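Written out below as structure tokens is the structure these notes cover.
Readers should treat all values here as calculations from the given coordinates under stated rules, not as data from a laboratory. Nothing here was measured: the structure is a model prediction, and the numbers come from that model. Here the Cβ positions follow ideal geometry from the backbone for every residue, glycine too, while neighbour counts run over all protein chains shown.
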Amino acid sequence: MSRPQKTAATVGFNSAHGLGVLCGLSAGVWLGAAEAPTKLVNSGLSPYSISLCMVAGVFTARWTVPTLLKGTRQVFADLSRNKHLLPTAILAGMLWAVANTLTVFAIRDVGLAIAFPLWNTNALVGILWGRLLFGELKGASGRNVAKVVLGALAIVAAAIMLGFSTIHGGGPHPGRAASGVLAAAGASLLWGTMYIPYRKAYISGMNPLSFVTVFTVGELGAVFALALALDRTATIAVIHSPQTRHMLFWLFLGGFVWVIGDLFQQYATKYLGIGRGIPLSNTNQLWGLAWGALAFGELAHADAAHRLLVVAGSLVMILGALAVSTAVATEREHASANQALQRECTRYQLDYNRVLEACAGVPVAANGPQRAWWDYVILAVAVGVFVYLGLDARVPALGMNLVWVGVLVAALVVTAAISAWGLWKTTKFS
């Protein structure tokens, strides 16, 4: 089957690199903040219940944000063009839900500041899948290969340093350190594998806003099944008990914050690929460390040796992730990416030129009115849910430094505003 001899570079993939980097950094800021509400596990809530409540907030946000930015007409039109991707999007959501539940156990057992860097070794898993399944780094220059390999090795070294610190008492529950490390490692494996459907969707021309609306069906179904099967009594109690109702708002809010970060991560994966986009978004471990250490004082009682291990391990992991993400793709790599795109078009009878433009972020012109009356109903229901839960919300009984909380929240607002403006100006969120 003949194809036009047009490569990814000719439609602006090189210029999209900066946009992908911006989205990846913003993803790190928001994903780092999203796990802070899971500190409520120290208030006695079941990890399964916490995960279910967070995913309920995620479900609300994953339908609300695409509706706000694009409208459901455009979202469902995109889904109808990519029906073959619906099962993989649901599977990705299921992997996310299980991984998210494991992170709650990890935070409970070893603390937020330690758990984050451990599960962020998912970058290694993502790099492996990207190379094996999508030809990422195929045809890369020696310098780019060196950046990726050395960056990956730095991530592994940092994980070992942080794991050693945890096992020898760096976390809040030294007796459960081993289980916390295993939970974080399991989350890393599942999240790294989850990026396969991400990348497959975007080389088929699917919009990230469309992908996440299907993705959320899998994650909500999976976490609900886990909660009922493994912790039914506590799950029912947290929904109906007046004693826990005041916590639901914060968990829903954590889910909402996670969605914003994940959307930026989706765009980073689209424009940079798995091997580059995921390590960059994994700078969330720095922001997780900031929330854990500065806002919640997790390292307040750690000795100098353990603090040194945590700080050094975090810095090494950040440098490794940045080394991977600054390996700007060459023309030969773009040609390899274009071959993967052609394979998808041939396999599923997709229009090559349309998919190529979608992958490059060319805005799609809407046919007819963008908004429907039910879009406003969806937005109103989402706002109503948060208002209803917010009426019963109380500030959790946790030690927090409110000055640092304010600084970190300001960072969220600034990064989101800059990245959203960049996406709108360049791609109209395509």
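Taking the alpha carbon gyration tensor of the stretch 8-427, multiplying each eigenvalue by 5 and rooting it gives semi-axes of 33, 27, 18 Å, largest first.
The alpha-carbon positions of the stretch 190-339 define a convex hull whose volume is 154 Å³ per residue.
Measure up Lys70/Lys270; Lys83/Lys147; Lys70/Lys138; Lys147/Lys428 against 25 Å on the Cα-Cα distance and list the ones that go over. Show your work: numbers first, answer last.
Values: Lys70/Lys270 18 Å; Lys83/Lys147 37 Å; Lys70/Lys138 35 Å; Lys147/Lys428 32 Å.
Beyond 25 Å: Lys83/Lys147; Lys70/Lys138; Lys147/Lys428.
Quick check: from the Cα gyration tensor, does the stretch 284-383 come out rounded (a/c under 1.5), prolate or oblate? Oblate shape, in that a/c is at least 1.5 and b/c is the bigger or equal ratio.
Ranked by Cβ crowding within 10 angstrom, fewest neighbours first, how are Leu128, Leu272 ordered?
On the way: Leu128 16, Leu272 28.
Lowest to highest Cβ neighbour count: Leu128, Leu272.
If you take the square roots of the eigenvalues of the alpha-carbon gyration tensor of the stretch 376-430 and sort them as a ≥ b ≥ c, do you get rounded (a/c under 1.5), prolate (a/b over b/c) or oblate? Oblate, since a/c reaches 1.5 and b/c is not below a/b.
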